[in-house]
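Working notes for the structure below.
The values are calculated or read from the model by the stated rules, or taken from the named source; none is laboratory data. Note that the structure is a prediction, hence the values are computed from the model and not measured. Neighbour counts are summed over all protein chains in view; Cβ atoms, including those assigned to glycine, are modelled from backbone coordinates with ideal geometry.
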Amino acid sequence: MTNSLSSINSFTQKNKILFLAGLIWSAFFSFYLLTAPSALPEGDEAIVLGVADRVSRYGFSWLPPNANHNDRYSSYGFFASGFSKYGLGQSLLAIPFTESFIEAKETEDWEIFANAMLRLFSLSAAIGASTNALFFLVCIKLGRRTDTAFILTFVLGLATMIWPYSQTLFSDPTLATCWLLAIFSFLYYRDTKKGFWLGIAGTAIGFAILDKIVAAYTAPIFGAYFLYLLKYYSNDSENQNAIFSKSSIIPTIWFAIPLAIALYSILYYNYIRYGNWLSLGYTDSRTYDLRDTYFGFNVPFLSGLYAQLFSSGKGFFFYNPSCLLAFPGLKRSFKDSKPETLMITSMILGSLAIYSSWYGWHGDWCWGLRYWSCMPPFFLLLAGPFMDQLVLNAQKRISECWISVVFVSSIIILSLFVQILGVLIKSNHFILTASQVEVFQGKFFNAKWPIRDDSLQLHFFPEFSPIAGHLWMIKTVFYRDSPEYSKVLSNPPWASMNELWRLKAIEPKNFRYNIWWMHTWVNQPENIDAILIKAVFLFILFISFSTFGIRQAFKT
Amino acid sequence: MTSILKKFQIHFFALLVWTTYFCLYLITAPATLPEGDEAILLGVGHRLANHGFSELPQNSDDLKDFSSYGFFKSGFSKYGIGQSLLDIPITKAFLDAKKAKNPEEFRSAMLRLYSLPASIGATTNALFFLICLKLGRRLDSAFILVVMLGTTTMVWPYTQTLFSDPTLAACWLLAFYSLLHFRDTKKDVWLGVAGAAIGFAFLDKVVAGYTIPLFSLYFLYLLRERHLKNNSGGSLFSKEIAYSIFYFLTPLFIMIGLFLYYNYIRFGQGFSFGYSNFNSYDARDTIFGFNVPFLAGLHGQLLSSGKGFFFYNPSCILMFFGWRESFLKNKAETILIALLIGGSLAIYSSWFAWHGDWCWGLRFLSCMPPFFLLVASPLVDNLIVKIKSKNSKALLTASLVSVLAIVSFGTQILGIAIKSNQYILTASQVNLLKGKFFNLDWPIRDDSLQIHFIPEFSPIAGHFWMLKTIYYRDTPNHEKVYESPPWISLNQNWKPQDIKNERFKLNIWWLNSVEDTSTHDSPAINKVALLFTLFFSLLVIGMIQTFRQQNLIDRSKSND
């Protein structure tokens, strides 16, 4: 009787958690659609879409003569075969959205444009929402309270780079989803011992590598965790089996087969792109960007490390202050879940180590460190135990915790504010504006100015930091029709550094909000009604799902 | 601690610390004459020594021996007078070094000249040691901490300079120590010493004025504590309190009065400080003044690759692991220290020259390492106790602290071996920005942007490269090393074009002579050998004695 009651309870609890995850997904999907961008994707994102178009039309066969549609997406970045140097994963995901891109590009009607953009960016909104939902589930699996997990998910979704990157089609945010899915599947296997979940984990890890080759560095890390799980069960079993025993064969097959399929796909894709299974295209002069081979991994390690962590224009924590909460949580996280904490810290450090030497460590043109846009969930997982304790103390009204509550709230609010700056202005627009300033003897990389990093001022000089720059651009857009306009415009953050660096002329198209409905509202107030109704509807959906979720999470 | 340790023992150890560091800092005195601000301060010292505050005689041009710029017609400068007063006894040594006819004469004069910063540095260390004990730290950990302060922080490279900033550290530590001594002994004379030290710091550098309210608050806190302890119950304003206030304020007001008088004779106005009203010789003081965006200045001071405080003083990072216990053990003192550090950071965050160039690291924060390490001290205390009790958990912490201390030591070696100006001039040859140094056609607020912010131009990496270049000078690899400065990976166009040999030399008086075989002579080596033997013997004696003494204390405590 007691057993059946507890199984009913656990079933109800499981359903509640899944229901909450569904609510989180819906809330963030609505929210990220609400803040979808107002400008079409360019550069790498458009190239990824172009490859998707090519794959959807002709698969992996040779292109028929005159069948190349790539120039509709980007004027550069494709090989003659119609493929690119980038991983295939993101292009596979983008296949259903290529038509929306073309429609948005070709229309002159504001409403059709807005609808096409919403459809196009429903991909990144879905990826962002999935990241948040999986993060919530991983938190629960790691033993966090439901209310803490819910709060942490909202911190992740609104107060880290996850939000601004839901405005992009880069492959990096997809890595976060894949890796969280892998961790969740491992944890589910740990609890249920169902081999199927190892298959999911293997698929997720494999797809991440297919998405972006650098993700391969996580394979040994996840592999080590998988071995730990095998050992975990062998210690649990009555026979005290070694890791490699008969009982390990089935789980290993579950885990390895999808991983092997993904590996084969990558090698095959290399073959059809470069005629060589093992050519990855980056450091062997086969990419369209000469710098990949010319500079490659030649950044002094400490310089790259410094730049990723502390540089004023790219430092990870300046763009994700909420991730600082990982530090007070680290010790307890290590005590509570040692293997998982080791796995997470290895993932973070691995990424840091690899990109510290890569010439394009900054991932430009983008907001903050693009390659790290998949990392905030892992920092916040480490913050979990600290937040758990804080929520518990606050609920018990323990008076000593108020300083921590104020401190944590301030960090979260600051972090939210930083994301708003990232969402409201497209990063390329600021980069182009700031690049007009005559700071260096040369500008962008070329044969006469063979510079490894052609945005040195944006990356390192605090007055050129995109965080300050976006704030200035928002102010400029806001004051556009007021007498203050020219005063605000002529005072970019770097003006105090050198009077000669005041802008003489600006490109008006760069000074615009990067949210579809806000941009239309400012520029086409007469066409706003239908667009605004959609925005309000999405907002109401977000608020409703969130409110309902909060009530349920705190009740649970 | 002090009750168990006899007073003379404490003073013996403090003296030992002083002598040890005086020897070390003389060993590493620089090889080149001071320039710029340092020479101007010396020039004013010379003017004061010869003419006091009276007007200069007509056609008096002896200040030109010190610097070609930076003096007003009156022979004074925009800087505070404190450092110049201290410089008076060594101005002759400067002139002797400048006019020396042979290397031996030059080196002797340099040693005399740099005995001033060596003694200021040694005093800072000795006072720091005394304060550690006053704050309840163990004798052995106080000694380890002072070794960290003296050899793993900027305190060491700044003993190669005559800037006024290191003097602030000595003054503030003296004030702090005196206030703590007053707390323990109730002797008002120590309040007088504290007031004089705070006042002299203000006289040394006007910005030190920000500490006057901070120390005054701590002084009031001590008065309140004494009042509560005496349980007098009466009014706070008793005769005893009035005496204390008198002792504290009198020297302070005298110094402030002297400063206002100095302003008057320089600028014709007591309240004109010469920085932001076009009274200074440097137009940037007035044009840019305090116009740096606060957060940009804060980032520059703490996290910039070329100036960030913790990159130059990695051992000070220990503060973050000690502050909680420091706060629990010495609440008022920790608050005072935090305000001293925070105040300095806040003021300089907006000042156009927050970097204090041309110098090694953040010059204006060169007085701060002792305060960071005071906050870190409970961590070191606990660590030593754990190590002595053979607690295995201490091993990891001890390893991390040791690594940090070793990295920090290595950083100071880089700062000492090469004169910072030589690197700045070398790196400035690179055609990176549209213009170079500040002028009317290139009105830039910070004319070393690349050195301050781009990691590949960081002086830490740059000094290392210069050292390597010197090391390989007579080998076939020399050109290859020279042509590979740290910034070369950024742009191949930035390869150095012509070697200026005079910039590539070691900045330690005797190493420079050893390296230059034409002037190789034994008297310099003999002097160094003597100084080194003294330094090393005293260091070992200090280490053994403090640990032995602490063991006795521990034993007597456990017997009790």
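For segment A:96-126, what are the residues that are part of a helix (DSSP H, G or I) and surrounded by fewer than 16 Cβ atoms within 10 Å (Cβ to Cβ)?
Listed by number, the residues that qualify are A:Pro96, A:Glu99, A:Lys105, A:Glu106, A:Ile112.
State yes or no: is A:Ala434 of a type in the set (A, V, I, L, M), assigned to a helix (DSSP H, G or I) and within 14 Å of chain B (Cβ to nearest Cβ)?
Answer is no for this residue.
Residues checked against (1) of a type in the set (D, E, K, R); (2) in contact with a strand residue (DSSP E or B) (Cβ under 6 Å, 6 or more places away or on another chain); (3) within 30 Å of B:Phe267 (Cα to Cα); (4) surrounded by 15 or more Cβ atoms within 10 Å (Cβ to Cβ):
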| site | (1), (2), (3), (4) |
| --- | --- |
| B:Lys6 | yes, no, no, no |
| B:Gly52 | no, no, yes, no |
| B:Phe71 | no, no, yes, yes |
| B:Ile88 | no, no, yes, yes |
| B:Lys99 | yes, no, no, no |
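If I ask for residues that are part of a helix (DSSP H, G or I) and either touching a Pro at 6+ places or on another chain (Cβ under 8 Å) or hydrophobic (A, V, I, L, M, F, W, C) (or both), which ones from segment A:137-161 would you list?
A:Leu137, A:Val138, A:Cys139, A:Ile140, A:Ala149, A:Phe150, A:Ile151, A:Leu152, A:Phe154, A:Val155, A:Leu156, A:Leu158
Any idea which of (1) closer than 25 Å to B:Ser344 by Cα; (2) crowded, with 22+ Cβ neighbours inside 10 Å is the one B:Arg445 doesn't satisfy?
With respect to (1) closer than 25 Å to B:Ser344 by Cα; (2) crowded, with 22+ Cβ neighbours inside 10 Å, B:Arg445 is out only on (2).
Per-residue answers, yes or no, for (1) among the acidic types (Asp, Glu); (2) free of Cβ contacts under 8 Å to residues at least 60 places away in the same chain; (3) within 26 Å of A:Thr148 (Cβ to Cβ):
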{"position": "A:Gly329", "(1), (2), (3)": "no, yes, yes"}
{"position": "A:Asp336", "(1), (2), (3)": "yes, no, yes"}
{"position": "A:Ile348", "(1), (2), (3)": "no, yes, yes"}
{"position": "A:Trp358", "(1), (2), (3)": "no, no, no"}
{"position": "A:Trp361", "(1), (2), (3)": "no, no, no"}
{"position": "A:Trp365", "(1), (2), (3)": "no, no, no"}
{"position": "A:Trp372", "(1), (2), (3)": "no, no, yes"}
{"position": "A:Leu380", "(1), (2), (3)": "no, no, yes"}
{"position": "A:Ala383", "(1), (2), (3)": "no, no, yes"}
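Just the residues that are in contact with an Asp or Glu (Cβ under 6 Å, 6 or more places away or on another chain) and either aromatic (Phe, Trp, Tyr) or crowded, with 22+ Cβ neighbours inside 10 Å (or both), please, taken from segment A:60-95.
Across segment A:60-95, the qualifying residues are A:Gly87, A:Gly89, A:Gln90.
Restrict the check to segment B:268-290 and report whether at least one residue is of a type in the set (Val, Ile, Thr), within 14 Å of another protein chain (Cβ to nearest Cβ) and at negative phi.
Looking for residues that are of a type in the set (Val, Ile, Thr), within 14 Å of another protein chain (Cβ to nearest Cβ) and at negative phi, one finds at least one in segment B:268-290, hence yes.
Could you please tell me which pairs satisfy a Cβ distance under 7 Å, a separation of 6+ or placement on different chains, a first residue in segment B:376-400 that is under 22 Å from B:Phe310 (Cβ atoms) and touching a residue at least 40 places away in the same chain (Cβ under 8 Å), and a second residue that is assigned to a helix (DSSP H, G or I) and basic (Lys, Arg)?
Final answer for the pair search is B:Pro378/B:Lys329.
Of these, B:Ala376, B:Ala353, B:Ala346, which one is surrounded by fewer than 20 Cβ atoms within 10 Å (Cβ to Cβ) and within 24 Å of B:Gln412 (Cβ to Cβ)?
Just one listed residue meets the conditions, B:Ala353.
B:Leu511 passes all but one of (1) at pLDDT below 95; (2) aliphatic (A, V, I, L, M); (3) surrounded by fewer than 18 Cβ atoms within 10 Å (Cβ to Cβ); which number fails?
It is condition (3) that B:Leu511 fails.
So for segment A:479-498 (the condition being in contact with a strand residue (DSSP E or B) (Cβ under 9 Å, 6 or more places away or on another chain), buried (at least 18 other Cβ atoms within 10 Å of the Cβ) and within 14 Å of chain B (Cβ to nearest Cβ)), does at least one residue qualify?
Yes - at least one qualifying residue is present in segment A:479-498.
Can you tell me which of A:Gly422, A:Gly442 is more than 10 Å from every other protein chain (Cβ to nearest Cβ), touching a Phe, Trp or Tyr at 6+ places or on another chain (Cβ under 6 Å) and either basic (Lys, Arg) or over 18 Å from A:Trp494 (Cα atoms) (or both)?
A:Gly422
With respect to B:Ser458, determine if the residue is under 23 Å from the mean Cα position of the chain (by Cα), buried (at least 21 other Cβ atoms within 10 Å of the Cβ) and within 14 Å of chain A (Cβ to nearest Cβ).
Criteria met by B:Ser458.
From the list B:Ser556, B:Ser537, which residue is farther than 28 Å from A:Asp453 by Cβ and at pLDDT 95 or above?
Sole residue among the options that is farther than 28 Å from A:Asp453 by Cβ and at pLDDT 95 or above: B:Ser537.
Any residue that is under 27 Å from B:Trp494 (Cβ atoms), touching a helix residue (DSSP H, G or I) at 6+ places or on another chain (Cβ under 9 Å) and touching a residue at least 60 places away in the same chain (Cβ under 8 Å) - is there at least one of those in segment B:401-415?
yes
Applying the selection to segment A:178-214, what residues are closer than 23 Å to A:Trp25 by Cα, out of contact with any Ser or Thr (no Cβ under 9 Å at 6 or more places or on another chain) and of a type in the set (Gly, Ala, Ser)?
Passing the criteria: none in range.
Determine whether B:Ser326 is away from every other protein chain (no Cβ under 14 Å), of a type outside the set (D, E, K, R), assigned to a helix (DSSP H, G or I) and more than 19 Å from the chain's Cα centre (by Cα).
Here the answer is yes, as B:Ser326 does meet what is asked.
Name the single residue, out of those in segment A:499-508 being free of Cβ contacts under 8 Å to residues at least 40 places away in the same chain and within 14 Å of chain B (Cβ to nearest Cβ), that is farthest from A:Gly313 (Cα to Cα).
Ranking the candidates gives A:Glu499 first.
Determine whether A:Ala307 is more than 14 Å from every other protein chain (Cβ to nearest Cβ), surrounded by 19 or more Cβ atoms within 10 Å (Cβ to Cβ), of a type in the set (Gly, Ala, Ser) and more than 22 Å from A:Tyr86 (Cα to Cα).
Here the answer is no, as A:Ala307 does not meet what is asked.
Take the residues of segment B:419-455 that are touching an Asp or Glu at 6+ places or on another chain (Cβ under 6 Å) and without any contact (Cβ under 8 Å) to a residue 24 or more places away in the chain: which is farthest from the other protein chains (Cβ to nearest Cβ)?
Selected residue: B:Phe437.
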